[in-house]
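The values are calculated or read from the model by the stated rules, or taken from the named source; none is laboratory data. All of these numbers come straight from a predicted model, not from anything done at the bench. Glycine gets a Cβ as well: all are built from the backbone with ideal geometry, and neighbour counts include every protein chain shown.
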Amino acid sequence: MRIAILGSRGFPYVYSGYETFVAELSTRLAQRGHEVHVYCHRGLFKDRPRQFQAVHLVYVPAVESKIMSQFSHSLLSSFHVGLRGMDVVFFVNSANGPFGVITRTLGKRTAINVDGLEWLRPKWKGAGARYFKAASYLSTRWFDAVVTDSSEMAAIYQRVFGSPSVTISYGAYPEQSSRPELLSHFGLEPDGYYLVVGRLIPDNNAEVIVREYGQAVTKRKLVVVGDVPYRDRYAERVKQNANDRVVFPGYVRDPDVLRELYCNSYVYIHGHEFGGTNPTLLKGLGCGCCILALETPFAREVLAGDRHGIYFAKDHGDLAGRISTLDRDRSVVVAKRAIARERVLAAYDWQHITDQYEVLFERLARRSDPYAP
């Protein structure tokens, strides 16, 4: 099959969950003999090879601004891919919902991974929230198949938009620490810190976590990996309100360093609120972390309820109390670590996920029912 993947920043540009997902899926499909084309933001790449790891790369320009960058890139990419001989076009991100009308008009079989509840995220208000909800609705009308990444998200799309979906999760790897000395760059030691990984945006609740950590009884540090690629009041407030035991490394793009930060953390704290199967949460499991997660139906699904997770609420003092308790009781932390990786092996294996996408794309290419059991 000839498969095009649109809607991310590109490959091998590693920035967020979407880019990781595109990298993992595209390379595996290419290894299986499919001709895979990934559309890339031209302005993000100084070097522009035509292929990388057997994946064909297509560089399309964009209006480089916070609001228009992704929209303009996807718009141009939709017209470009519509004029090429692709068997299947696969979009990521529900914000691209309106562009299904272009690819459908041009006769392409298409699917879209809609990800999370973008219209509920605090960073989008007013017109932004209305756009994302409308775009999500259009995803269910213009695309031949909608992909949700968890059963909880599938239920929401059925209830809110009356749309079926194919549920295919994200994936992760079991990983082990091999170079703990890399922590010294940040002044850290194994087991000497709590870890948070995610952009400094309201729906990841970094402000809540930093505030509650400051009230907890612990001598361990808090490491907050992530930032935002623009000047932002919320991100600045999070940093300003942190005490001197909070470490902000910014983005950590070296996969070896990021692995060591996960694997050697005392507890990984997950504050993401509106996504489905979150890649950072899966990585925490794969690295054998004890997980302390915001109580959401999505986190409970990934963590198999209480088996792999400990939960906190945003109520004042709740997270601080959980941190203080875990700091005193190492046995709970050790017990959760011991079984973390088994969850990834059982439910979030990348090869199995690629199998599911391959079946979906073959059905689309044959013009058969993508939702058939």
Point to revise | Criterion: under 19 Å from the mean Cα position of the chain (by Cα), part of a helix (DSSP H, G or I) and among the aromatic types (Phe, Trp, Tyr) - qualifying residue of TYR213, TYR262 | key: TYR262
Point to revise | Exclusive hit being in a helix (DSSP H, G or I) and of a type in the set (Gly, Ala, Ser), set SER324, SER368 | key: SER324
Revision key, fill the gap. Those residues of the stretch 2-54 which are crowded, with 17+ Cβ neighbours inside 10 Å and in a loop (DSSP other than H, G, I, E, B) amount to GLY7, SER8, ARG9, GLY10, PHE11, PRO12, TYR13, HIS34
**Study point:** Set THR296, THR325: member being without any contact (Cβ under 8 Å) to a residue 40 or more places away in the chain, over 28 Å from GLY187 (Cβ atoms) and surrounded by fewer than 23 Cβ atoms within 10 Å (Cβ to Cβ)
**Key:** THR296
Check your understanding: Looking at GLY288, is it in contact (Cβ under 8 Å) with a residue 60 or more places away in the chain and on the phi > 0 side of the Ramachandran plot?
Key -> yes
Point to revise | Of all residues making up the stretch 127-174, the number that are free of Cβ contacts under 8 Å to residues at least 40 places away in the same chain, in a helix (DSSP H, G or I) and not polar (S, T, N, Q) | key: 14
**Study point:** Identity of the residue in the stretch 107-165, among the acidic types (Asp, Glu) and over 23 Å from ARG363 (Cβ atoms), that ends up surrounded by the fewest Cβ atoms within 10 Å (Cβ to Cβ)
**Key:** GLU152
**Study point:** Out of VAL257, VAL252, sole residue that is among the hydrophobic types (A, V, I, L, M, F, W, C), farther than 23 Å from ILE323 by Cβ and assigned by TED's automatic domain parsing to the domain that holds LYS283
**Key:** VAL257
Point to revise | Hits in the stretch 218-247 - residues which are part of a helix (DSSP H, G or I) and either closer than 23 Å to GLY321 by Cα or out of contact with any Pro (no Cβ under 9 Å at 6 or more places or on another chain) (or both) | key: ARG233, ALA235, GLU236, ARG237, VAL238, LYS239, GLN240
Check your understanding: Could you say which residue among VAL196, VAL217, VAL228 is closer than 20 Å to ASN278 by Cα and surrounded by fewer than 22 Cβ atoms within 10 Å (Cβ to Cβ)?
Key -> VAL228
Review point. In the stretch 313-344, what count of residues is obtained for those that are in contact with a strand residue (DSSP E or B) (Cβ under 6 Å, 6 or more places away or on another chain) and not aliphatic (A, V, I, L, M)?
Key: 2
Exercise for review: Among residues belonging to the stretch 252-284 that are among the polar types (S, T, N, Q) and closer than 14 Å to ASN205 by Cβ, point out the one that is surrounded by the most Cβ atoms within 10 Å (Cβ to Cβ).
Suggested key: ASN278
Exercise for review: May I ask you to list the residues in the stretch 95-117 that are of a type in the set (Val, Ile, Thr) and assigned to a strand (DSSP E or B)?
Suggested key: THR110, ILE112
